[in-house]
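Let me begin by presenting the structure, written as structure tokens, before commenting on it.
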Amino acid sequence: MSRNRDNADLRSTLDIAPETFTINVDAPDGGSGDNWKWTWDAGTVAYQRVGITNLTQNNVPLYKKGSYTVNNFAAHDLHGSMTQTHKIYLKWIDGAGTQNNVSWQTSTLNVTGQTHPSINGGNATEIQRLTISVPENPTIPTLTAPTITYGVTNSGSSSYTFSQDAHGSNPTLGPVRRGGTYTFQVNASGHPFYLTTDSAGLYSSGTYAGEYTTGVTGSRAETGNLVWTVDSSAPDTLYYACGNHGDMFGTINVKDLEVDSNGSGLSLLYFQHDQEGHTTPVELREVPTIPGNVCLVYNASTGIFEPQDLGTYMDNTTQFREKIVKLIDDDGSNYVDSAELATSLKDDIIFNITLYQQDDLSVTTGTARWYAPFDLTVTSVTPILGTAADDTVTTLVKKNGSTVSTITFAASTTTGSVSANSFSMSEGDYLTLDVTTIGTTAKGKDMTTQFKYKRV
């Protein structure tokens, strides 16, 4: 006996499966540098990750309920122009130290014999591996005030040289966090080290202009420790300086002990090593909704139809994959070749990236670059301010240093107008943002600019 199954018997879900993704990272440049270089294969349509090879990124999104493997090729083996190694961690806040690593990561420091054809010349490399399982509802913990140590020596009378938790000559430090304790181990005879509110415009040898002493012990140390417990009233910008030489000078950025936001409601975490620098922001995103270019596939184990990316379907369905290969190999005159097939599957995918200027806006020439991973057309530019300014805010979108579009926020508005929403980029071209005008008292705050683009 048989019966017809009506539509009520056909169960389905429109929920997208959590992302499972492998990310490779390296830091092959010389010195302490600032940039991680990221490599990964293309992801599924729902998550819109295009494959990239050894590119810097303005942010690396991670999705709730996702499972991630991060292979760090810069952890142990020197290669490229490297002069030092770099561990990597996922942190709740930007800054040196490991007191605020996320609890849902594990780090395996020594994984030997790992290879990637585009990293370290394809040679076997000892790596560090992070395994990250993002909770469905990540809870921000009570943050620990950092305890950080800087080694400070001098290069003649031209600069202070930093080691331990920061590196370089007269580097910009921070962000240091209010409530944290920062120890400067000074070994620079004849070069008294102190903190100051003076941006060096009032510098005069031996005067210690603008000396800042709140929470500070050991100010003007030449050989010994200056210890600074950052007070809640500390200004957003301070400076370190030598009491005798105006060239020995640097900036310190100060922030509250709190998790950052991208200005659109998403928490910003950071991939960073245990020293300052080498920082890539991480957006914690919701699992995406079903896009228009996936199919519903029956899952026999659950008895329901589920969304599935065509690439995943091909990976999971041997007959389908072999049929495509056979059609291409056996009768290429009647069917697109493999390159055309790959291109046709990718052409309709819309990707997006977002550039930021966090906190109060400042007039600045943008240095953070986003590099085009392939030939593409930007199809839309969407700028948003978290907090409006009291005057016009103007931003220049530049490709390879030349303006391709102008963004204007009228006073008291948070949505900007764009002079050109569409422009082309070749693989390797880069975008930057210059902020040219801001508000007077209310400068504007937390600017995000989203670019949507398609492969060409």
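Remarks
- For segment 209-254, taking the residues that are in contact with a Pro (Cβ under 8 Å, 6 or more places away or on another chain) and assigned to a loop (DSSP other than H, G, I, E, B), the one that is nearest to SER157 (Cα to Cα) is identified as ASN244.
- Single unsatisfied condition, LYS399 versus (1) surrounded by fewer than 16 Cβ atoms within 10 Å (Cβ to Cβ); (2) closer than 23 Å to PRO281 by Cβ; (3) not hydrophobic (A, V, I, L, M, F, W, C): (1)
- Looking across segment 34-47, just one residue is more than 22 Å from SER163 (Cα to Cα), in a loop (DSSP other than H, G, I, E, B) and in contact with a strand residue (DSSP E or B) (Cβ under 7 Å, 6 or more places away or on another chain), and that is GLY43.
- Residue in segment 315-332 that is outside the structural domain of GLN48 (by TED's automatic domain parsing), part of a strand (DSSP E or B), modelled with pLDDT of 70 or more and not small (Gly, Ala, Ser) present: no
- Just one of the listed residues (GLY277, GLY206) is buried (at least 18 other Cβ atoms within 10 Å of the Cβ) and part of a loop (DSSP other than H, G, I, E, B), and it is GLY277.
- Every pair of residues 6+ apart whose Cβ atoms lie under 6 Å, when the first sits in segment 13-30 and is touching a residue at least 12 places away in the same chain (Cβ under 8 Å) while the second is surrounded by fewer than 16 Cβ atoms within 10 Å (Cβ to Cβ) and not in a loop (DSSP other than H, G, I, E, B): THR13/ILE304; THR20/SER67; THR22/THR69
- Segment 356-379 residues that are within 25 Å of ASN54 (Cβ to Cβ), paired with ones that are of a type in the set (Gly, Ala, Ser) and surrounded by fewer than 18 Cβ atoms within 10 Å (Cβ to Cβ) (beta carbon under 7 Å, 6 or more apart): TYR371/GLY428; ALA372/SER426; ALA372/GLY428; ASP375/SER426; THR377/SER422; THR377/SER424; VAL378/SER422
- Boolean, ALA166 is in the same structural domain as ASN72 (by TED's automatic domain parsing), touching a strand residue (DSSP E or B) at 6+ places or on another chain (Cβ under 6 Å) and small (Gly, Ala, Ser): no
The values are calculated or read from the model by the stated rules, or taken from the named source; none is laboratory data. All values reported here derive from a predicted model rather than from experimental measurement. Neighbour counts are summed over all protein chains in view; Cβ atoms, including those assigned to glycine, are modelled from backbone coordinates with ideal geometry.
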